[in-house]
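Chemist: Let me give you the structure first, and then I'll get to my questions.
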Amino acid sequence: MRRRHRFDLAYDGTDFSGWAVQPGLRTVCGVLVDALSTVLREPVAVTVAGRTDAGVHATGQVAHADLPADLDPEWLVRRLARLLPPDVRVRAVRPVPDAFDARFGALRRHYRYRVATAPHGAEPLRARDTVAWPFPVDVDALNAASALLLGEHDFAAFCKRREGATTVRALQELRWSVDDERVVTAAVAADAFCHSMVRSLVGALLDVGRGRRALDWPAGLLRRGERASEVPVAPAHGLTLVAVDYPPDADLAARAEQTRHVRSPAVPPPPVNSA
């Protein structure tokens with residue numbers, strides 16, 4: 001007898017070549033699957049909510065696996081704590097309905113991107129998840145430019161295209177704040193993200209924040225049907241997946257089915273007036 005289980009994970013992505021298993025490389029999924037297979041003495045397949053890139057961190061990653069129905073989740077968490085390396089933690093394991101799908105059942109993913117603007121750079125204890133930015137940043141300009149990007153668009157200009165994959169996404173949140181230590185943080189949420197999308201959005205907006213680009217420049221790129229080579233990709237280590245939202249159990253199957261349908265590109269947005 002098998003039962004689906006949800007995993008809540010956190011990891012420091014610095015020393016990983018991303019989530020997905022790659023031959024000869026250290027990856028989060030590879031380390032997790034090896035540990036699970038050792039503990040359970042059988043092969044284990046894991047499905048994840050967001051396949052983070054090399055160097056990207058997570059405090060709220062979600063995955064699922066079909067495991068023995070009589071498994072004690074708390075026992076598994078304790079065993080994994082002893083076996084996993086210190087840069088990966090399984091915070092919780094719990095049984096979920098069979099309709100739960102960590103990837104296709106997600107409503108939205110939440111990311112944070114941290115930028116230190118103080119002259120001395122990032123604090124030593126945060127240097128692995130915070131990018132040192134040696135330029136002044138206009139947070140009001142960042143938020144004004146970000147607001148123009150919200151909604152469902154074809155984000156091809158900000159994505160590394162993958163064959164057969166859509167670049168249409170619904171960007172639900174993109175806002176910036178600054179704390180007392182002069183760390184500027186971007187809060188980003190969408191139904192899903194295409195490859196390099198968050199880091200490309202951040203890179204483009206930081207160019208606005210430092211005065212190199214006009215407020216309407218990032219939104220104007222939405223009319224492109226392909227990757228914009230002039231968009232800088234922000235460093236990976238400033239990015240962290242912090243949460244994944246799911247619908248109530250009764251709606252899990254419907255959500256997964258809806259997500260599996262490939263969306264056609266949205267109608268290109270009208271020209272954006274300069275601020």
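The values are calculated or read from the model by the stated rules, or taken from the named source; none is laboratory data. Treat the numbers as computed from the prediction; the structure is a model and nothing was measured. Note that each Cβ is placed from the backbone with ideal geometry, even for glycine, and that neighbours are counted across all protein chains shown. When the accessible area is computed, the model is the full protein with side chains, heavy atoms only, and any ligands, DNA or RNA have been set aside. Shrake-Rupley method; radii C 1.70, N 1.55, O 1.52, S 1.80 Å.
Chemist: Between a first residue in the range 87-111 that is hydroxyl-bearing (S, T, Y) and a second residue that is assigned to a loop (DSSP other than H, G, I, E, B), which pairs have beta carbons less than 9 Å apart while being 6 or more apart in sequence or on different chains?
Modeler: Correct list of pairs: Y111/G50; Y111/V56; Y111/F193.
Chemist: Determine whether the range 197-206 contains at least one residue that is touching a residue at least 60 places away in the same chain (Cβ under 8 Å), touching a helix residue (DSSP H, G or I) at 6+ places or on another chain (Cβ under 9 Å), open to solvent by 10 Å² or more (accessible area, probe 1.4 Å) and of a type in the set (D, E, K, R).
Modeler: Yes, some residue in the range 197-206 is touching a residue at least 60 places away in the same chain (Cβ under 8 Å), touching a helix residue (DSSP H, G or I) at 6+ places or on another chain (Cβ under 9 Å), open to solvent by 10 Å² or more (accessible area, probe 1.4 Å) and of a type in the set (D, E, K, R).
Chemist: Which residue out of R79, R94, R128 is open to solvent by 60 Å² or more (accessible area, probe 1.4 Å) and either in a helix (DSSP H, G or I) or among the small types (G, A, S) (or both)?
Modeler: None of the other options fit; the residue is R79.
Chemist: Those residues that are touching a residue at least 40 places away in the same chain (Cβ under 8 Å), assigned to a loop (DSSP other than H, G, I, E, B), hydrophobic (A, V, I, L, M, F, W, C) and in contact with a strand residue (DSSP E or B) (Cβ under 9 Å, 6 or more places away or on another chain), I need them from the range 148-171; list them, please.
Modeler: Of everything in the range 148-171, those that are touching a residue at least 40 places away in the same chain (Cβ under 8 Å), assigned to a loop (DSSP other than H, G, I, E, B), hydrophobic (A, V, I, L, M, F, W, C) and in contact with a strand residue (DSSP E or B) (Cβ under 9 Å, 6 or more places away or on another chain) turn out to be L149, F155, C159.
Chemist: What is the one condition in (1) part of a helix (DSSP H, G or I); (2) among the aliphatic types (A, V, I, L, M); (3) at pLDDT below 95 that A219 does not satisfy?
Modeler: Unmet for A219, out of (1) part of a helix (DSSP H, G or I); (2) among the aliphatic types (A, V, I, L, M); (3) at pLDDT below 95: (3).
Chemist: Considering every residue within the range 14-33, establish whether at least one is in contact with a strand residue (DSSP E or B) (Cβ under 8 Å, 6 or more places away or on another chain), part of a helix (DSSP H, G or I) and open to solvent by 50 Å² or more (accessible area, probe 1.4 Å).
Modeler: Yes, the range 14-33 has at least one match.
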